[in-house]
2 protein chains.
Amino acid sequence: MFFEETGFADRMQGVSGSAIRAIFNLLSQPGMISFAGGMPAASALEPDVVADISQAVLRADGVRILQYGATEGWPALKQAAPAFLKNAGVEASPTQILPTSGSMQAVDLLLRALINPGDVVLVENPTFLGSLQAMRLVQADIRPVDTDDEGIIPEALEEAIIKYRPKAAYLIPTFQNPTGITLTLPRRKAVAELAAKHRVVVIEDDPYRDLCYSGEKLPAIKSFDDSGYVVYLTSFSKVISPGLRVGALVADDPLMAKCIIVKQAADTHSSSLPQAIVAEYLNRGILPSHIDSICASYRAQLEAMLGKLAAFPEGVRYTRPRGGLFVWVWLPRGIDGTELLQRAIERKVAFVPGASFYCDGSGVNTMRLNFSNASLDIIERGMDTLREVVQEAVVKNR
Amino acid sequence: MFFEETGFADRMQGVSGSAIRAIFNLLSQPGMISFAGGMPAASALEPDVVADISQAVLRADGVRILQYGATEGWPALKQAAPAFLKNAGVEASPTQILPTSGSMQAVDLLLRALINPGDVVLVENPTFLGSLQAMRLVQADIRPVDTDDEGIIPEALEEAIIKYRPKAAYLIPTFQNPTGITLTLPRRKAVAELAAKHRVVVIEDDPYRDLCYSGEKLPAIKSFDDSGYVVYLTSFSKVISPGLRVGALVADDPLMAKCIIVKQAADTHSSSLPQAIVAEYLNRGILPSHIDSICASYRAQLEAMLGKLAAFPEGVRYTRPRGGLFVWVWLPRGIDGTELLQRAIERKVAFVPGASFYCDGSGVNTMRLNFSNASLDIIERGMDTLREVVQEAVVKNR
């Protein structure tokens, strides 16, 4: 046989690929209702607007867009980003902003710049499985920190910092993936202080902030950072288009310089056309009204999903997020989310079993439900089916 | 000070960033003549064609383009690529093709999938410095193999394989970057046989093949591979647009599966719009005539540069490529290419000093000259100036 397993690098051991990406390939089955993925609604995407903008930027600046660009990113995007970041309370100049191929790439660049095999990275438990996979690929020692319904617990974070001497802590403080939980204001300040005090890089991954359906938008952890130890990641995937793959990393030198060196070898630079499209989208001033419009839909979809969850069997618990894309569900102990998915898929409903979001093998009885990419009607039908599947599992589990 | 140097990962040690990328930032100076970079001519880029194609694909398939896509790549590009690859003698089905963010990303994915710190990677000396940087970031032990004017020497390659037990060999067999040298047909067969015999992955990086100005196009090393140990990389950067960042990796499972796992964490997937544009560009059948047109210009530019080099001082040697983007120059011993660049930049001419293309600190007296991104007039003026700068260095060196 070609290529014995021993031929691969050690970093590949035990990295089996994303559960979401695997489910992704199932979703094309006809009639499948998907609460998996973290996809925007098709109606939230604007091919005509993007076609028009694409045409406009290529007519205006096409040779530069099609030529090699700087690793540091498309100038117009670096110029437009500060005003966008200000909405999160993040002050940054263009040189502190590195456009990336989605915020996934920003996570990967930071980990490669910072982490040796065995270095500790602290995470919320559960957390985004794509980032866990990137951590495994740098052979990080991933350690969970206790969270509650107000997000990561600062006292637990400090305890873990003292105990494990981590290089970094990775947090999604706003409408977290997968739980939907939001870190409170006093805790945001506390996390920024801990980063500075203990010289731990806090990677603040913040792609969901603008998908806010009720309550106040909180300033980013980064807005409380004077030390440079908080690195801020943003993304245009959830508000403009995930397929364009445009995100950005906000950091100071010398960390920024190291990320740029890694990016040179990773892809030379991100594709300029998507960056130019996002820059022009921002410059046209059409993002705020687009966000209002998608939030109106997503709010109704979230409410429909929560309404249906209220009728789920006793012993099922779930989060009640005020933004983002996900509701998180704890099933009664003894019910395995992965087995439940098999039953659900037979009935044409898909979700992501929660276990893959945990760094420590726990969370077997959890699942992540996405509500953004299903109409109200589909949510009602899909959730009715899912309730029946859960009900059957509860009965079997007795 | 924020962030002591010790805070970074070991893989960052001694990786100082690309010399080309640093020079890139100088080139915007007014009046600067650049033989640096490996950029297509501005006239080779087609913003109107790309604008039209971009519009067309977004109108036809915009929601899918703007939505999350599969890590495995944009389906239409995977479908269109086999016919393109056939020109190189490479037979591949869509599942054996992974679109990447330029072939730079393909190199990076392969190295991360294969290389542990200390594993040997064999290279031509000199070779593409971006790939050397990617190798340093995985802490490869980079070993040079002897080459001559017919490319890498198979006997030297086999000797190095036996001596160093490498995981991989990285080769640019056609119109090599930086030398412009092309591996001969018998040697291509020999390299494919060595890959299979010794179970060494040969990474065949082949972005320049279509920029052929005289003589025969040779089939890829991959075309002689039955073992799966030859991995083929192609790129649309040199024939359509580098700024779009679209390349592809051709490999079999299980190596392909590992590359996909790394890519999930690296950027989830490459931006779909550039992939869809390249697919449609291929499907419209307009690439062959475009290649003919740019080759006609580049051929004349190459000849102009070689004509001017004939008048350089005695003791200057250079390659006479029959394709690609670069001429390679050996200066008389004692002349330092980096010092020469300082003098040349004062006179508004830029090139890339050759030393950074060597993995072993040699090649101080070399330089790489690019001819594709300068008009005949500019080439004549720039080369006259460069000849004077070299002449002065020769006199000083006596």
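Here are the numbers for this structure:
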item: The stretch B:305-345 versus the stretch A:240-296: alpha-carbon centroid distance in Å; result: 40 Å
item: Value in Å of the Kirkwood radius, where the stretch A:140-276 supplies the Cα pairs that are averaged; result: 16.1 Å
item: Residue-averaged beta-carbon neighbours from other chains (10 angstrom radius) around B:257-264; result: 6
item: Dimensions (Å) - the stretch B:306-398, Cα atoms, principal axes, largest first; result: 31, 28, 23
item: At least 40 Å² accessible surface lost relative to isolated chain, residues of the stretch A:44-69 (1.4 Å probe); result: A:Leu45, A:Pro47, A:Ala51, A:Gln55, A:Leu58, A:Arg59, A:Val63, A:Leu66, A:Gln67, A:Tyr68
item: Chain A, relative contact order [Cα under 8 Å, separation at least 6], %; result: 23 percent
item: Cβ neighbours within 10 Å from other chains - mean over A:94-103; result: 2
item: Karplus (6.51, -1.76, 1.60) ³J(HN,Hα), θ = phi - 60°, over the stretch A:107-113, in Hz, Gly and Pro reported as x; result: 4, 5, 4, 4, 5, 5, 6
item: Average projected area [Cα convex hull, the stretch A:10-116], square nanometres; result: 11.1 nm²
item: Only Lys, Arg (+1) and Asp, Glu (-1) charged, at Cβ; chain A dipole about Cα centre in debye; result: 140 debye
item: Rounded if a/c under 1.5, otherwise prolate or oblate - the stretch B:252-382, Cα gyration tensor axes; result: oblate
item: Ranked by how many other beta carbons lie within 10 Å on average, peptides B:320-331, A:280-291 from highest; result: B:320-331, A:280-291
item: Normalised convex hull volume, chain B, alpha-carbon set, Å³ per residue; result: 158 Å³
item: Label spacing, shortest first and in nm, from A:Met32 to its equivalents in the remaining copies (7 angstrom along Cα→Cβ); result: 5.0
item: Derived scalar couplings ³J(HN,Hα) [the stretch A:254-271; Karplus, 6.51 cos²θ - 1.76 cosθ + 1.60; whole Hz; x for Gly, Pro]; result: x, 5, 4, 4, 5, 4, 5, 4, 5, 5, 3, 7, 7, 7, 6, 7, 6, 3
item: 5 angstrom amide H check on B:Val230, placed H, neighbours 5+ away; result: B:Val202
item: Distance histogram in 5 Å bins (all Cα pairs of the stretch A:180-229, percent per bin); result: 4, 20, 32, 21, 13, 7, 2
item: Convex hull of Cα atoms in the stretch B:205-246, direction-averaged projection (nm²); result: 3.5 nm²
item: For the stretch A:306-319, 3J(HN,Hα) per residue [Karplus equation, 6.51 cos²θ - 1.76 cosθ + 1.60, θ = phi - 60°, Hz, x = Gly/Pro]; result: 5, x, 5, 5, 4, 8, 6, x, 4, x, 8, 10, 7, 7
item: Carbon/sulfur fraction of accessible area - the protein assembly as shown, other protein chains in place, 1.4 Å, %; result: 50 percent
item: Radius 13 Å from Cβ of A:Met256, net charge of other residues (Lys, Arg +1; Asp, Glu -1); result: 0
item: Teacher prompt: A:Gly334 distances to equivalent labels in other copies, 7 Å Cα→Cβ, nm; result: 8.9
item: Where Rh is the Kirkwood radius over Cα pairs, Rg/Rh for the stretch B:333-379; result: 1.03
item: Mean projected area in nm² (Cα convex hull; one quarter of hull surface) for the stretch B:212-314; result: 10.2 nm²
item: Chains B and A, summed buried accessible surface - 1.4 Å probe, Å², nearest 100; result: 7400 Å²
item: For B:Tyr164, label point 7 Å along C-beta direction: distances to other copies, nm; result: 3.8
item: Cβ-placed point charges (K, R +1; D, E -1), dipole of the protein assembly as shown about Cα centre in debye, nearest 20; result: 160 debye
item: Difference of contour (0.36 nm per residue) and Cα-Cα distance, B:Arg59 to B:Lys217; result: 53.1 nm
item: Rg over Rh, two decimals, the stretch B:134-216 (C-alpha only, Kirkwood Rh); result: 0.97
item: Among B:Leu233, B:Ser93, B:Phe8 the positive-end extreme of the charge dipole of chain B (Cβ point charges); result: B:Phe8
item: Top of A:Val15, A:Val121, A:Val63 by mean-square fluctuation, Gaussian network on chain A, Cα under 10 Å; result: A:Val63
item: Lysines whose Cα lies under 30 Å from that of A:Lys167, excluding same-chain neighbours fewer than 8 positions away; result: A:Lys78, A:Lys86, A:Lys189, A:Lys197, A:Lys217, A:Lys222, A:Lys238, A:Lys258, A:Lys263, B:Lys258, B:Lys263
item: Chain B, helix-only ellipticity at 222 nm - DSSP H runs n ≥ 4, -39,500 (n - 2.57), divided by all residues, nearest 500; result: -13500 deg cm²/dmol
item: Average beta carbon contacts from partner chains per residue of B:242-248, 10 Å cutoff; result: 6
item: Contour excess over end-to-end distance, with Cα ends at A:Leu26 and A:Arg347 and 0.36 nm allotted per residue; result: 114.3 nm
item: Residue (of B:Pro254, B:Ala265, B:Gln139) at the positive-pole extreme of the stretch B:111-270, dipole from beta-carbon charges; result: B:Ala265
item: Electrostatic dipole magnitude of the stretch B:147-189 [Cβ: Lys, Arg +1; Asp, Glu -1; Cα centre; debye, to 20]; result: 300 debye
item: Accessible area per residue, Å², the stretch A:252-383 with all protein chains present, probe 1.4 Å; result: 36 Å²
item: Cα-derived Rg over Rh, computed across the stretch B:54-183 with Rh taken as Kirkwood radius; result: 1.06
item: Column: log10 I(q)/I(0), Debye, Cα scatterers of the protein assembly as shown, q = 0.05, 0.08, 0.09, 0.10 Å⁻¹; result: -0.26, -0.67, -0.84, -1.03
item: Residues whose placed amide H lies under 5 Å from that of B:Val349, excluding near-sequence neighbours; result: B:Ile33
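The values are calculated or read from the model by the stated rules, or taken from the named source; none is laboratory data. Values in this document were obtained by computation on a predicted structure and should not be read as measured data. Note that we place each Cβ from the backbone using ideal geometry, even for glycine, and neighbour counts take in every protein chain shown. When the accessible area is computed, the model is the full protein with side chains, heavy atoms only, and any ligands, DNA or RNA have been set aside. Shrake-Rupley method; radii C 1.70, N 1.55, O 1.52, S 1.80 Å.
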